[in-house]
Structures are given as C-alpha cells and as structure tokens.
C-alpha cells in the first residue's frame, strides 16, 4: 500500500440514504459512520448540495484571543508631541 501525498484530499465517503417526511419537514437518517458530535448542527445549501456540519461551540473571550496570531507591528508613541505632565498638589 502506498502513502497518499499530503496535498491529496481524503477519498469521499458516500452512501445512498432514504428521504422521508416528518410532519411538514423532509428528513434523512444519518448513518452511524457519518454521525456528528453533539446535539446540534448547522445546515447550508450550496447550489444543489446540502451541507451539514457540527455546530461549533462559541469561544469565550480568552479562548478567542488565544487563537489570534501575535502582532508584529510597533505601537506608536501616543505621548509623542504632548506637553510634559505637571505635578499637581492636592
């Protein structure tokens, strides 16, 4: 068996499924080999394709900030051009 090059996508798995009615909705049973994690999913239509993906958990602020790349830019000197501070007696 030869190794697949890294830039080659995984082979697409497919299986015929039956569509059925559930009240006014059309439904499909998801075979066990295609089960999604969790209890919710996101569905979208692209052309004639129907795409169902696991719903991503919303990240908290700290988790989201941890996903950002560090900034390489220098911050400007915001005090540049301002008069010096004066001591204030209270």
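What follows draws every value from the coordinates through simple rules; no lab data is involved. If you're wondering where the values come from, they're calculated on a predicted model, not measured in any experiment. In this analysis, Cβ positions are derived from the backbone assuming ideal geometry, glycine residues included, and neighbour counts consider all displayed protein chains.
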Which members of the range 48-63 meet the condition of being more than 18 Å from residue 26 (Cα to Cα) and more than 11 Å from the chain's Cα centre (by Cα)? 60, 61, 62, 63
Of the residues in the range 12-26, those that are part of a loop (DSSP other than H, G, I, E, B), surrounded by fewer than 10 Cβ atoms within 10 Å (Cβ to Cβ) and in contact with a strand residue (DSSP E or B) (Cβ under 6 Å, 6 or more places away or on another chain) come to none
When the range 27-48 is examined, which residues are found to be surrounded by fewer than 10 Cβ atoms within 10 Å (Cβ to Cβ) and part of a strand (DSSP E or B)? 43, 44, 45, 46
Restricting to the range 52-85, name every residue that is surrounded by 10 or more Cβ atoms within 10 Å (Cβ to Cβ) and not in a loop (DSSP other than H, G, I, E, B). 52, 53, 54, 63, 64
